[in-house]
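Throughout, read-outs are computed from the coordinates displayed, never taken from laboratory work. The model shown is predicted, which means the values in this text are computed figures rather than measured ones. A quick note on method: Cβ atoms are made from the backbone with ideal geometry, for glycine too, and the neighbour counts reach across all protein chains shown.
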């Protein structure tokens, strides 16, 4: 027994002394095989699965967001209730009385069972009432044959069947007074239910002409009681400034001198009065080239957090995207901005006018845009999928900066929006509200 135990002990000593060599001899091939399987098979499979998942999420997440938006938007519920009430009311009003003897007479089964296909033949004689059938309507009228005057049928725009031929007269409608040409600028008082597009159509003008005349944009809103300037024709309303001439104005606004003179009842020899208003037919405003400057350096936030917005910064702000669903609020200790839900088709807009100081990838923000508003305030827009601006561009409130995305540290398509003053970050809801 002692001899056996010594043999075991010697074996253990041998294993300890040669374990590394044995492991190299046995384990090295296994490690090599495992490494090949991992690099050649495991990694490609993982990459393929990750790629497929990312592509599916690009389809699934926008569809999910659009579906959820139907249930998070209160106006959808309001519209659904109104539609249901309207349809129910119309059906009840138009419902006819159902009697036992006529029940089911208009069904398909009734037409198949009923075998009575005989037709009635009426003999028409002088003095008898003849049905007059409109060629466009199913209503039937009866008049006396001996009293029918063919000329009267034409004059009264009647349609009848006499001897197998249809007589139809055209319908003539009077022209609308609002379509008459106008020669002067008018003011329009916005009514309840008006929108800019319907107002432009009412005066036979393009939407752009209405916007230009009132210094509005496509994202502007109007309210009942608001006064709008209505130009007489499509184009631009221009106020004469010192040094202006008809020729210089026509070149600047892409019009012609002849059209401007004719629209304003001027001749080539007439002088322009400073402050006078001119109608520029078929003109378009000149495009202002963006001002470029060297962007100041920016750094990661290391400062303090503000709770309320100073009074000087509460004006001129707009909501920075299309939807209003907030998925994460500002809390002042771990999340210093506002997350607004959306998908890849939604634009990101400048919340206020300023100059773009960043339009690039920035750490966890992914594709990020910073705008310096010139009074110490900077707004930041994170996780964009596409840029519409570059550093140095001057933008106005409501201008599109890019498309919403999920770049950087993000779990879904959304906008991360921040408001900063120096190193202090404020709650964005103290500056903006979704209307």
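Values for this structure:
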{"quantity": "Stretchable slack from residue 267 to residue 89, in nm (0.36 nm times residue separation minus alpha-carbon distance)", "calculated": "57.9 nm"}
{"quantity": "Contour minus Cα-Cα distance for residue 251 and residue 388 (0.36 nm per residue)", "calculated": "46.4 nm"}
{"quantity": "The stretch 311-430, relative contact order in percent, only Cα pairs under 8 angstrom and at least six apart counted", "calculated": "29 percent"}
{"quantity": "Label-reachable residues, the stretch 220-241, where backbone N falls under 19 Å from a point 7 Å from residue 258's Cα toward its Cβ", "calculated": "234-235"}
{"quantity": "The stretch 256-279 residues near the modelled residue 229 label - backbone nitrogen below 14 Å, point 7 Å along Cα→Cβ", "calculated": "275-279"}
{"quantity": "Cα shape, the stretch 347-435, gyration tensor, a/c 1.5 rule", "calculated": "rounded"}
{"quantity": "Potential lengthening between residue 24 and residue 187 on full extension [0.36 nm per residue; Cα-Cα distance subtracted]", "calculated": "49.3 nm"}
{"quantity": "Cα→Cβ-extended label distance, 7 Å offset, between residue 41 and residue 241, nm", "calculated": "7.5 nm"}
